[in-house]
Amino acid sequence: MSEVTGSQTIWHTMTEEAVSKELPVDPAQGLSEDEAAKRLQQVGPNSLTETAEEPTWRAFLRQYRDYMRIVLLAAAIGSFIIGDYTTALVLFLITVGSAFAGLYQERRAADSVAALREMMNIQARVRRDGRTLEIPLEEIVPGDVALFEAGDRVSADGRLLLAATLEIEEAALTGESTPVLKDTDPIDDPEAPLGDRIDMAYMQSSVTRGRGEMIVTGTGMQTEVGHIAGMLQDTEEEKSPLQKQIDGLTLIIAALAGIALVLIMIIGLTVWDATFDELFVLAIALGIAAIPTALPVVVTTILSLGTSEKARRNAVIKQLPAVETLGSTSAICSDKTGTLTLNQMTARALVIAGHRYEVSGEGYGFDGQIRHIGGVSETNLDPYLLPMALCADAVVQEGELVGDPTEGALVVLAQKGGLTVQGTREEYPRIAEVPFDSAYKFMATFHNMTNANGDAVVRCYVKGAPDVILARATSVRTDENPAVPLDGTTRP
C-alpha cells in the first residue's frame with residue numbers, strides 16, 4: 001500500500017491516467033465506501049499529528065525552570081531551617097501562587113485552541129461509488145476524488161483532474177500573495193518548486209476562482225503542510241529573552257548573596273567572636289533580604305495582562321513568556337520580496353476621463369472615501385463603478401473575502417464610491433457571462449438594464465488586461481461625451 005500513501009512518488013510529473021493507476025481508483029466513480037474505510041484504517045485520519053498533551057503535574061513543575069523560583073524555594077527552606085516559619089510560608093506561597101498563575105493562563109489558552117478546533121468541523125466533498133458526498137475532513141484518504149470550488153479550502157494534497165478557470169491562493173506555502181492559475185497538464189521538471197506545480201493542489205490552500213477536481217495523493221502528515229508541521233514539532237524550545245534576563249539577574253543576586261554570606265561568616269568568626277549558629281542565622285536572613293521576592297509575582301501579573309490584551313484582539317498565547325518575546329523582536333526574516341503582507345489587495349487610486357482620485361481605507365473593509373485630486377469633481381462615478389460591482393464574482397462581507405483578491409479590491413472600491421454592491425447585483429441580475437481565462441485575458445458579464453429612454457437593453461461589462469480591452473474597444477467615455485470614437489488620434 002505504499003502506492004496509496006504516495007510518500008516517494010513525484011505526482012506532478014505523472015499523467016492523470018498514471019495517477020489513477022498508481023492509486024487504484026476510477027475518477028468517474030471514486031472509491032467505494034469499503035475501500036475508503038480500509039485505506040483510512042491503514043493511513044490514519046487526514047489531520048496533523050499533535051504533540052501529546054502535557055500532564056498537569058509536569059506543566060506545574062515546568063513553571064520552576066526559571067532560577068528565581070528556585071532561589072525563592074531555597075530561601076523558604078533556609079527560613080524554615082532557622083525557625084522563621086512565617087517567612088518560609090510566605091516565600092513558599094509566593095512561588096506556588098505565581099506558578100499556578102502561569103499554569104492557569106496556559107490552560108486557558110489550551111482550552112481556547114481546543115474550542116476553536118471543535119468549531120472548525122470542516123466538511124469535504126468527494127466522489128464515492130459514483131455519488132458526490134460530504135464527509136468530515138478527517139475521513140479523506142489517498143485515492144479519493146475530491147471536489148471544490150471558489151470559497152472552499154483544499155482538503156488534502158492532490159493531482160488535479162479538472163481545472164475550470166481554477167485559481168488557488170497558496171501564500172502559506174509559496175509566499176506569493178497572488179492566486180495561482182491551475183492546469184491539468186503534467187510538469188516535466190521533477191524538481192519544480194511548489195509554486196510551479198500548477199497541476200497540483202495543496203491542503204489548506206484557498207480556492208479563489210473556478211472549480212476543480214483532484215485525486216488525493218497525500219493526507220495528514222504526508223501533505224506539504226504536514227511536513228512543515230513536522231519540522232515545527234522537532235524544533236527545540238528555547239527560553240524567551242525575558243526568561244534569560246531574569247535567570248541572569250537571579251544568578252547575579254544569588255552570587256552576591258553567597259559572597260555576603262561567606263564574608264559574614266569569616267568576619268563574624270574572626271573579628272566579632274560570634275558563634276556559628278548566630279552567624280548562620282544572620283547570613284541566611286541577609287541572603288533572604290537580598291532576594292526580590294515580589295519579582296515572580298510582578299512578572300506573572302504583567303505577562304497575564306499582556307495575554308488578556310492579546311486575547312481581546314483574538315490572539316491566543318500558549319505560554320506567558322511568548323507575550324514578551326514579540327516585544328523583544330528586533331528583526332523579522334521574510335521571503336525574497338522583503339515584505340510581509342495580509343494577502344489583501346486595496347485600490348489606492350482611480351484615474352478616469354482626465355480626473356484623478358485618491359482612495360482611502362485598508363484591506364476589504366468598506367470604511368474609506370474616493371476623493372478628487374486638484375479640486376471638486378462633478379463627474380458621476382456610477383458608470384465606472386458599475387462594472388466593478390457587476391463584472392466580478394468576488395463577495396466581500398464584514399471584511400472577509402470569498403473570491404479573487406483583485407476582484408475583491410474592485411468590489412470594495414465600488415462600495416466606497418456609494419454603490420451597494422449586493423443591491424446592485426440584485427437590481428441588475430447577470431443573464432450570461434464569459435468567465436475569465438488566461439488565454440483571452442478578460443471577463444465579460446451581461447445584464448438586463450434600461451437606457452436613457454427607458455427601453456430595455458442588455459449591457460455587457462468587461463474587465464481584463466488593458467491591451468486586450470483596448471484592442472476590442474471602439475469608443476472612450478469623457479465628461480462631455482459618453483462615446484468618443486477611438487481612432488488614430490485618441491487610441492493610445
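The values are calculated or read from the model by the stated rules, or taken from the named source; none is laboratory data. Treat the numbers as computed from the prediction; the structure is a model and nothing was measured. With ideal geometry, Cβ positions are generated from the backbone for all residues, glycine too; neighbour counts draw on all protein chains shown. Keep in mind that these areas ignore ligands, DNA and RNA; they rest on the heavy atoms of the full protein, side chains included. Shrake-Rupley method; radii C 1.70, N 1.55, O 1.52, S 1.80 Å.
What FRET efficiency would be calculated for the residue pair residue 231, residue 343, taking the C-beta separation as r and a Förster radius of 25 Å, to the nearest 0.05?
So, using R0 = 25 Å, E works out to roughly 0.65.
Once both labels are modelled 7 Å past Cα along the beta-carbon direction, what's the residue 438-residue 422 spacing in nm?
Once both label points are built, they end up 3.4 nm from each other.
Can you pull the Rg over Rh of segment 17-80, Cα-only, Kirkwood?
1.55
Among 192-204, 465-477, 354-366, how do they line up by average Cβ neighbours within 10 Å per residue, starting with the highest?
Going from most to least packed, we get 192-204, 354-366, 465-477.
Counting only Cα atoms, I'd like the Rg/Rh figure for segment 358-441, Kirkwood definition for Rh.
Ratio of gyration radius to Kirkwood radius: 0.99.
I want to check the label-to-label distance for residue 382 and residue 189. Put each point 7 Å from Cα in the C-beta direction and report it in nm to one decimal.
The two pseudo-label positions are separated by 5.1 nm.
Heavy atoms only, probe 1.4 angstrom, no DNA, RNA or ligands counted: give me 284, 259 ranked by accessible area, highest first.
259, 284
Using a 10 Å cut-off on Cβ atoms, rank the peptides 343-349, 160-166 from the highest mean neighbour count down.
Ranked by mean Cβ neighbours within 10 Å, highest first: 160-166, 343-349.
Between residue 90 and residue 273, what is the FRET efficiency for a Förster distance of 25 Å, r being their Cβ-Cβ separation, to the nearest 0.05?
In this case the efficiency is close to 0.15.
So how much slack lies between residue 312 and residue 475, counting 0.36 nm per residue of separation and subtracting their Cα-Cα distance, in nm?
Gain in length upon complete extension: 53.3 nm.
How big is the accessible area of residue 460 in square angstrom, nearest 10, if you roll a 1.4 angstrom probe over the protein chains?
Counting only protein heavy atoms, residue 460 exposes about 60 Å² to solvent.
Quote to one decimal, in nm, the extra length available between residue 211 and residue 164 on full extension: 0.36 nm per residue of separation minus the C-alpha distance between them.
Here the segment from residue 211 to residue 164 would lengthen by 16.4 nm.
Sorted by average packing, counted as other Cβ atoms within 10 angstrom per residue and highest first, what order do 224-230, 94-100 take?
In descending order of packing, they fall as 94-100, 224-230.
Rounded to the nearest 0.05, what FRET efficiency do residue 373 and residue 132 give with R0 = 56 Å and r taken as the Cβ-Cβ distance? Could you check?
0.60
Tell me the carbon and sulfur percent of the accessible area for segment 122-211, rounded to whole percent, probe radius 1.4 Å.
43
Using the 2.2 N^0.38 Å rule of thumb for compact globular proteins, work out how segment 388-492 stacks up: its C-alpha Rg over that value, please.
1.17
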